[in-house]
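Any read-out appearing in this document is the output of simple, stated calculations on the displayed coordinates, not a laboratory observation. Quick caveat: nothing in here was measured; it's all calculated off a predicted structure. With ideal geometry, Cβ positions are generated from the backbone for all residues, glycine too; neighbour counts draw on all protein chains shown.
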Amino acid sequence: MGPLPRTLELFYDVLSPYSWLGFEILCRYKNIWNIRLQLRPTLIAGIMKDSGNKPPAMLPRKAKYLTNDIQLLGQHIQVPIQFPKDFFSVILEKGSLSAMRFLTAVNLEQPEMLEKVSRELWMRVWSRDEDITEPQNILAAAEKAGMSIEKARALLEKSSTPQVKNQLKETTDAACKYGAFGLPVTVAHLDGQTHMLFGSDRMELLAHLLGEKWMGPVPPAVSARL
């Protein structure tokens, strides 16, 4: 038997395009590196409030840079990112609370579906410019990801329960305790030590910490086109 897999926690919110990029890279490497990847649906608004940070799009120069940066990264990482037409409404007004509560319910009841449902919610908001706040749109994402409509409806009902609300808050608080000031955050638990890495561009450093080989955002063993 080889060494036990190391645990990585990925804290993410589908409102964050950089979270999508980091998510896809780690999902590609989870069967290449000796890791156990734990997906942790988190509320980015809670992290921003707790840390005193503000969305980068609030600053005009950052917003201008962000648009080009994400498009280039999407091409490089082979993730089909397109900016929503009404970007500020999507990010600052609509938010992601309903979607992240739903993903929290998925993680509690049907964790094997979490990766696919998360990806489909990102595809809606960050690739097809579709809504992720209305119940029928969350259900449509779950169904497209392969979940039965009956199960999706049950999880949508569960997402408004105190259990789910508290779990999302606890996960968000956990990210804050690790030092998060935005998302994505990857937390590596190695030899009794905890390493918190911010952003989707620290994967080469993560490989160094793990003692694993970095083969770029699209490792040769993976067909990455979404």
Once phi is turned into θ = phi - 60°, what whole-Hz ³J(HN,Hα) does the Karplus curve with 6.51, -1.76 and 1.60 give for every residue of region 56-73, x standing for Gly and Pro?
-> x, 5, 6, 9, x, 5, 5, 4, 5, 5, 4, 4, 5, 4, 5, 5, 5, 5
If you count the DSSP beta bridges with both ends in the chain, what percent of them are antiparallel, to the nearest 5?
-> 60 percent
Using the structure shown, list the pairs from K49/K169; K54/K177; K30/K116; K30/K158 with a Cα-Cα distance above 22 Å, or answer none.
-> K30/K158
Alpha carbon centre of region 147-202 versus region 62-103: separation in Å?
-> 19 Å
For A174, put the label point 7 Å out on the Cα→Cβ axis and report which residues of region 187-207 keep their amide N under 14 Å from it.
-> 187-189
Candidate aspartates and glutamates for bridging to K144, where Cα separation is under 13 Å - those fewer than 8 sequence places away on the same chain excluded = E115, E120
Cβ-based net charge around H195, under 12 Å, with every Lys or Arg adding one and every Asp or Glu removing one | 0
Loop-resident trypsin sites (Lys or Arg not before Pro) in region 62-97 with no more than 12 other Cβ atoms inside 10 Å, DSSP not H/G/I/E/B, are K85
Would you kindly derive the ³J(HN,Hα) couplings of region 4-18 from the backbone phi angles with the Karplus curve 6.51 cos²θ - 1.76 cosθ + 1.60 (θ = phi - 60°), listing them in order in whole Hz, with x for Gly and Pro?
-> 5, x, 7, 8, 10, 9, 10, 8, 8, 9, 6, 6, 9, x, 5
How about region 173-226: which chymotrypsin sites (Phe, Trp or Tyr not before Pro) there are in a DSSP loop, with at most 16 other Cβ atoms within 10 Å of their Cβ?
-> F181, W214
